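Visitor: One structure, pasted below without further comment.
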């Protein structure tokens, strides 16, 4: 099977993931942190992604994944 | 006095004294000459000093750091390379051409000498420099007649003492360890650098020196791992509750007992429950705290403190400290020690410092003490004490040297001071909410005894916040009550000082080499800015090494080699064994590397291109809106300007002139007035300045941007 490139950078995808290892880890962290944000702010998934990507404390990979997930959501993916 | 140096001497013995640098040679010759005025002559641009000491003649010569270095034995610019020899440095590296004259001068000056003294700095490098000079210039027999001077300052007193108490032989374990370190580092450096550089060249046709070594690898890996944490950080919200109270007309901050509240609703409820209420002081406690004086500096501590106080990078601090050492104003700076041994005449040093105007009052107060014992740190160095002033008062020092000298002197004085004593006061304020009781804390501190702090001003910040006398049961108003949203932050990037500390803690490199390693990371473009941010290139290098040569990033491997070096110094391990071990590691690493050279090269080539694109990208074109402004260099004139990427499509001709001097860094920001990109220009010896690249920008009319 051909290896594919991460949609957010030039690296190859991690096995079984649509992202490379760094963006894949960022997505996992985003999922993990969501429950804390939801409890803290009573916030939904999309608002959470928008809020995270607007924070200057957020890492670049985290912002990129958040944007990507939002776009996928808009496109109904 | 200039003489030919060829005059026959009536004196009994001629001794060749080998020093590390010309400045040190001058000081040593002056200190050892009976009249304090040695003869000086010039041998092809190299100063030679003839000192008379009793009935002996001392020919004091200087090296220029290492005069001999390692070079490959024949062969091509490829890898692996395991055959090498020590050769004159000018033969190994054209940039070292000046060293040729020093070798020739020493060769001539050593004619007729029968005894030899190594007077280079007392460390591995110094011992090796003198050994190589004696072995290769004066011949192997000279080593049997060679002695070693041991000193930590270039003051006359210390140098004469070192001469009178010379070690009867060269310090061979140090020399052997130094030689091994050079050879091991050369083997790693040459092979890995060639492997990386050739992978890039073969993949893209581009040549770029991409160095990596056994210390550089793990250090770069630290920076990369930190970047991974930063770029993968998801901030978590939390809230803090702040309030103020007014006592005796003064406003005092109050902190809520729970420092961090995880839910916004909870924070809001607390604030509404306490709003408009009064609090009652339930307890008041005072704790007396003693703060011990700081230890005298070792090199790492000095570099970190200089970064923290003046933002000097480690190289700037080291260079200044070396100049001060060569001027005999401070002791040898490349030391790990935080201790001042009893053999050092502390009172004598202070007497000397008293002559300096700014220190007179402080020193006088110290000299009143019957006993002066500096506080001793945990770290020690068998060769040198902690960095301390010598007591020799410099004339006019300016800039970096003046600041570093002041830091060293004040730290030394502070280490002799008593503890600083503070009373920390904490009062608990209870507010009766509707459903539950809430607690706030009111905190203050009062300096009771200044102790060492007065000697270390202005380098220590006062954290005192005095509060009025409080009593239990006292009622206090709660004002300015609010909850503030906060977010967890990613870890900070390393600065050059914190990176040095980590290297020290992890046992990577030595006090002499760490600064160079950090410098190299910048020079190669692996990291950038003072925040030591890893570049795409640095990141890609680490990723590839992780995959194909993980040993090179391993702290354990480097630490084990450092341990071997230590064991060579104590005679438990041999140079040959260390080299054999190095070759074994390299053989397995390089074979893995070679097998994947093409893919490594293509990844690195991609990173180089991305890095070039990033550093030339200034921002969006304000005229056409969809083009990108990039720095372009005119191939004919060599001048640079900013041009729109749509020029090549024929749709936009926007261009801006750029400053022709200094390094241009894009800031990523656009001018608020005209929308053109703002750049930062960094030139040597100037503060970086920012400007909008449009020379017709309205912001530039009628005054400066700062107005």
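None of the figures in this text is laboratory data; all of them are computed from the coordinates on show. What you are looking at is a predicted structure, and each value in this text was computed from that prediction instead of being measured. Backbone-built Cβ (ideal geometry, glycine too); neighbour counts: all protein chains shown.
Visitor: Between residue B:448 and residue A:50, what's the calculated FRET efficiency when r is the beta-carbon distance and R0 is 45 Å? Round to 0.05.
Guide: Working: r = 53 Å, r/R0 = 1.17.
Efficiency computed from Cβ-Cβ geometry: 0.30.
Visitor: What is the packing order of peptides B:384-394, B:666-676, taking the mean over residues of other C-beta atoms within 10 Å and listing the highest first?
Guide: Descending mean neighbour count gives B:384-394, B:666-676.
Visitor: Same structure, new question: Relative to the longest principal axis of the C-alpha atoms of chain B, give the angle of the C-alpha long axis of helix B:575-595, reported between 0 and 90° and rounded to the nearest 10°.
Guide: Taking Cα atoms only, the helix is inclined about 60 degrees.
Visitor: Next question. Once a ≥ b ≥ c are taken as the square roots of the eigenvalues of the Cα gyration tensor of the protein assembly as shown, is the result rounded (a/c under 1.5), prolate (a/b larger than b/c) or oblate (a/b not larger than b/c)?
Guide: oblate
Visitor: On to the next question. If each of residue B:502 and residue A:67 carries a label point 7 Å out from its Cα toward its Cβ, how far apart are those two points in nm?
Guide: Taking the two extended label points, one gets 2.7 nm.
Visitor: Show me the ranking of peptides B:336-345, B:568-577, B:208-217, B:517-526 by mean Cβ neighbours inside 10 Å, starting with the highest.
Guide: So the order, starting with the most tightly packed, is B:208-217, B:517-526, B:336-345, B:568-577.
Visitor: For the pair residue B:584 and residue B:236, how long in nm is the line joining their label points, each one 7 Å along Cα→Cβ?
Guide: With each label placed 7 Å out from Cα toward Cβ, I get 4.5 nm.
Visitor: For residue B:91 and residue B:77, compute 0.36 nm times the residue count separating them, minus their Cα-Cα distance, and round to one decimal in nm.
Guide: Length gained, residue B:91 through residue B:77: 3.4 nm.
Visitor: Per residue of B:222-231, count partner chain C-beta atoms within 10 Å of its C-beta, then hand back the mean as an integer.
Guide: Partner-chain Cβ atoms within 10 Å, mean over residues of B:222-231: 3.
Visitor: Within a 10 angstrom radius of the beta carbon, how do B:324, A:36, B:372 rank from fewest other beta carbons to most? Write down the numbers at each step before the final one.
Guide: Values: B:324 24, A:36 17, B:372 13.
Ranking B:324, A:36, B:372 by Cβ neighbours within 10 Å, fewest first, gives B:372, A:36, B:324.
Visitor: Could you work out, residue by residue across A:24-32, how many beta carbons of other chains sit within 10 Å of that residue's beta carbon, and then give the average as an integer?
Guide: Average neighbour count from other chains, rounded to a whole number: 2.
Visitor: If each of residue B:55 and residue B:150 carries a label point 7 Å out from its Cα toward its Cβ, how far apart are those two points in nm?
Guide: So the label points at residue B:55 and residue B:150 sit 2.9 nm apart.
Visitor: Now, a different point. Provide a whole-number value for the mean count of partner chain Cβ atoms within 10 Å of the Cβ atoms in peptide A:52-63. Can you show the working numbers first?
Guide: Details: counts 4, 0, 0, 5, 3, 10, 8, 10, 5, 5, 7, 2.
The mean count of partner-chain Cβ atoms within 10 Å per residue comes to 5.
Visitor: Taking square-rooted eigenvalues a ≥ b ≥ c of the alpha carbon gyration tensor, is the range B:229-313 rounded, prolate or oblate, where a/c under 1.5 means rounded and, failing that, a/b exceeding b/c means prolate?
Guide: oblate
Visitor: Can you tell me which of B:287-295, B:494-502, A:16-24 comes out highest on packing, and rank the rest after it, using the mean Cβ neighbours within 10 Å?
Guide: B:494-502, A:16-24, B:287-295
Visitor: Contact order normalised by length for the range B:310-468, with contacts defined as Cα pairs under 8 Å and 6 or more residues apart; what percent is it?
Guide: Worked out over the range B:310-468, it gives 22 percent.
Visitor: While we're here: May I ask you to sort B:223, B:228 by Cβ crowding, counting other Cβ atoms within 10 Å and putting the fewest first?
Guide: Least crowded to most crowded, the residues run B:228, B:223.
Visitor: Between residue B:378 and residue B:355, what FRET efficiency comes out of the Förster formula 1/(1 + (r/R0)^6) with R0 = 30 Å and r the beta carbon distance, rounded to 0.05?
Guide: Once rounded, the FRET efficiency stands at 0.35.
Visitor: May I ask you to list the residues of the range B:239-265 whose amide nitrogen lies under 13 Å from a point 7 Å from Cα along the Cα→beta-carbon direction of residue A:41?
Guide: B:239, B:263-265
Visitor: Fewest to most neighbouring Cβ within 10 Å: what's the order for B:95, B:181?
Guide: Fewest-to-most ranking of B:95, B:181: B:95, B:181.
Visitor: Report, for the protein assembly as shown, the % of DSSP beta bridges that are antiparallel, rounded to 5.
Guide: 85
Visitor: If I fit a long axis through the Cα atoms of helix B:172-204 and take the longest principal axis of the Cα atoms of chain B, what angle between them do I get, 0 to 90°, rounded to 10?
Guide: Between the helix axis and the principal axis of chain B, the angle is about 70 degrees.
Visitor: Here is a further query. Just for chain B, what percent of DSSP beta bridges are antiparallel, to the closest 5? Each step should come with its number before you reach the end.
Guide: Numbers: 84 of 98 bridges.
If I count the DSSP bridges inside chain B, around 85 percent turn out antiparallel.
Visitor: Can I ask one more? Taking a ≥ b ≥ c as the square roots of the Cα gyration tensor eigenvalues, with a/c under 1.5 meaning rounded and otherwise prolate when a/b beats b/c, else oblate, which class fits the range B:287-396? Please list the in-between numbers first.
Guide: Working: a/c = 1.39, a/b = 1.14, b/c = 1.22.
Here the range B:287-396 falls in the rounded category.
Visitor: Note down the relative contact order for the range B:60-206 as a percent, whole number, built from C-alpha pairs under 8 angstrom at least six residues apart.
Guide: Relative contact order of the range B:60-206: 23 percent.
Visitor: Take every Cα pair under 8 Å in chain A that's 6+ residues apart, average their separations, divide by the length, and report that relative contact order as a whole percent.
Guide: 22
Visitor: Now a separate question. Go ahead and estimate [θ] at 222 nm for the protein assembly as shown from helices alone: -39,500 (n - 2.57) per DSSP H run with n ≥ 4, summed, over the residue count, rounded to 500.
Guide: The helix contribution divided over the protein assembly as shown gives -12500 deg cm²/dmol.
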